[in-house]
Amino acid sequence: MTEHTIKFTVPSDDKENMRLILQCVFDALSEKGYNPINQIVGYLLTEDPTYITNYQNARSLICKIDRDELLRTLVQSYLSDKS
């Protein structure tokens with residue numbers, strides 16, 4: 001067992017593109033009558049794309065985003081709003 005902490009680094013996606021995709025997915029889920037926040041959280045926790053509707057190509061779009069990068073960006077955004 002190592003005494004050193006392993007550093008986790010995620011690849012950097014274009015944040016604006018990520019935001020646009022997330023907004024499109026949110027809109028598609030809303031239009032279909034789903035609770036978009038719950039569905040996106042379900043996808044992020046499980047990486048199961050069936051949480052996201054195929055409507056408006058939303059499932060395909062969200063799969064283009066690196067999930068680790070999206071989570072990192074969301075946490076970073078949340079914490080920067082708190083300071």
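If one takes the longest principal axis of the Cα atoms in the chain, at what angle in degrees, from 0 to 90 and to the nearest 10, does the Cα axis of helix 36-46 lie?
The two axes meet at around 40 degrees.
Can you tell me the dipole magnitude for the chain around its Cα centre, using point charges on the Cβ only (Lys, Arg +1; Asp, Glu -1), in Debye to the nearest 20?
100
Against the longest alpha carbon principal axis of the chain, how many degrees, from 0 to 90 and to the nearest 10, is the axis of helix 67-82 turned?
80
Could you identify which residue out of Ile37, Ile21, Ile52 has the top mean-square fluctuation in a GNM of the chain using Cα springs shorter than 10 Å?
Maximum among the listed residues: Ile37.
From the convex hull of the Cα coordinates of the chain, what is the mean projected area in square nanometres?
Averaging across all directions leaves 7.2 nm² for the Cα convex hull.
How far apart, in nm, are the 7 Å Cα→Cβ label points at Ser60 and Glu16?
Calculated label separation equals 2.4 nm.
On a 0 to 90° scale, report how tilted helix 15-31 is relative to the longest principal axis of the chain, with both axes built from alpha carbons and the result rounded to the nearest 10.
The angle comes out at about 40 degrees.
So what is the calculated 222 nm ellipticity per residue for the chain, using -39500 (n - 2.57) for each DSSP H run with n of 4 or more, over all residues, to the nearest 500 deg cm²/dmol?
Calculated mean residue ellipticity at 222 nm is -18500 deg cm²/dmol.
Explain nothing, just the number: relative contact order of the chain, from Cα pairs under 8 Å at least 6 residues apart, as a whole percent.
30
Each value in this text was obtained by applying a stated rule to the coordinates, not by laboratory testing. Small disclaimer: the values here were computed from a predicted structure and weren't measured. Quick reminder, even Gly has a Cβ in these numbers, built from the backbone with ideal geometry, and neighbours come from all protein chains shown.
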